[in-house]
Amino acid sequence: MAQEKSFDMAEEFNGLDFHSARLKGRFIRTMETLGKQPDKSILYSSENRAEAKAAYRMPGNEDFDRQEIIRTHREATIRRMAEYGGPILAVQDTTGVNYNTHIKTEGIGYISDKTLGVNIHSCIAVTADGLVLGVLDQSGYNRPEPGDEPASHDSKKARPAEEKESFRWLETLERSTADIPEGVKVISVCDREGDMYELFAKAGELGEAFLIRIVQNRMTAGNRRVFG
């Protein structure tokens with residue numbers, strides 16, 4: 001069973017630079033509040049409506065920087081990896097956030113031809129015994145509008161890897177394994193969506209170990225057949 005690690009939020013985000021001490025303090029307090037009840041909404045996690053309102057308004061602050069949050073948390077995650085030693089599993093996956101009920105909100109984008117929302121692709125560092133150490137990489141993507149006609153299988157295959165949504169697996173592999181402390185072995189883990197030659201080639205280029213659930217029949221270097 002996977003374990004959980006409790007973070008001291010003030011220590012976790014000590015290096016956060018929002019160019020505003022007040023905004024940094026608000027963010028840390030909000031993370032402490034949400035961390036106590038991660039299964040609840042912001043409203044139900046907050047002590048009162050004023051606290052909930054402050055949390056909802058925070059992302060609208062011009063100094064609020066999502067990438068700065070990821071950077072700071074990633075640095076703390078890598079420190080924990082160094083303390084643990086390894087091996088560490090770098091597990092990638094995508095979560096689709098459905099916003100179909102937000103029909104009056106402009107500029108959301110689509111996660112499929114008919115579903116409003118955003119896809120969040122994450123890579124999480126996990127120890128071999130299931131202890132979650134933190135996030136190594138995270139990105140969001142969606143489609144600006146639904147396609148008029150679905151692309152054929154052949155046309156999808158003909159597109160360069162850089163133009164496919166699946167390219168996020170390669171980018172995440174490269175970003176999540178960068179700056180890892182010497183001596184810490186990392187094994188990238190992907191589900192069947194990561195079964196693509198380009199990902200194998202990228203892992204080989206970087207010298208990274210990987211474990212991927214295959215979906216296609218393949219031939220190994222030793223002429224052994226592997227069936228999906």
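Where a number appears in this text, it was derived from the coordinates with a stated rule and is not lab data. Please read all numbers here as calculations on a predicted model, not as lab measurements. All Cβ positions, glycine included, derive from the backbone under ideal geometry; neighbour counts span all protein chains shown.
For the stretch 60-75, backbone phi angles converted through the Karplus equation (6.51, -1.76, 1.60; θ = phi - 60°) give residue-by-residue couplings of x, 5, 5, 8, 6, 10, 4, 5, 5, 5, 4, 4, 5, 5, 4, 4 Hz, Gly and Pro being listed as x.
Legend: ranking of residues ASP8, ASP65 from fewest to most surrounding C-beta atoms inside 10 Å; resulting order ASP8, ASP65. Report, ordered by chain and residue number, the aspartates and glutamates lying within cross-link reach of LYS36, taken as a straight Cα distance under 17 Å and ignoring same-chain residues fewer than 8 apart. Straight-line reach from LYS36, under 17 Å: GLU4, ASP8, GLU11, GLU12, GLU47, GLU51.
Taking the longest Cα principal axis of the chain as reference, the axis of helix 197-206 is set at about 70 degrees. Sites counted here are trypsin sites (Lys or Arg not before Pro) in a DSSP loop (not H, G, I, E or B) having no more than 14 other Cβ atoms within 10 Å; the longest part of the chain that contains none of them is 115-184. Using every Cα-Cα pair within the chain, state what percent have a distance larger than 28 Å. More than 28 Å apart: 42 percent of the Cα pairs in the chain.
Computed from label points 7 Å out along Cα-Cβ, the spacing between GLN216 and HIS102 is 3.5 nm. Put simply, the convex hull of the Cα atoms in the stretch 46-152 casts, on average, a shadow of 10.6 nm². Over the chain, Cα pairs under 8 Å with separation of 6+ residues give a relative contact order of 17 percent. The phi torsions of the stretch 103-111, fed into the Karplus equation with coefficients 6.51, -1.76 and 1.60 and a -60° offset, translate into couplings of 5, 8, 7, 8, x, 6, x, 10, 9 Hz, rounded to whole numbers, with Gly and Pro shown as x.
Restricting the calculation to alpha carbons of the stretch 1-62 gives Rg and Dmax of 12.6, 41 angstrom. The C-alpha atoms of the chain define a longest principal axis, and helix 21-36 lies at about 70 degrees to it.
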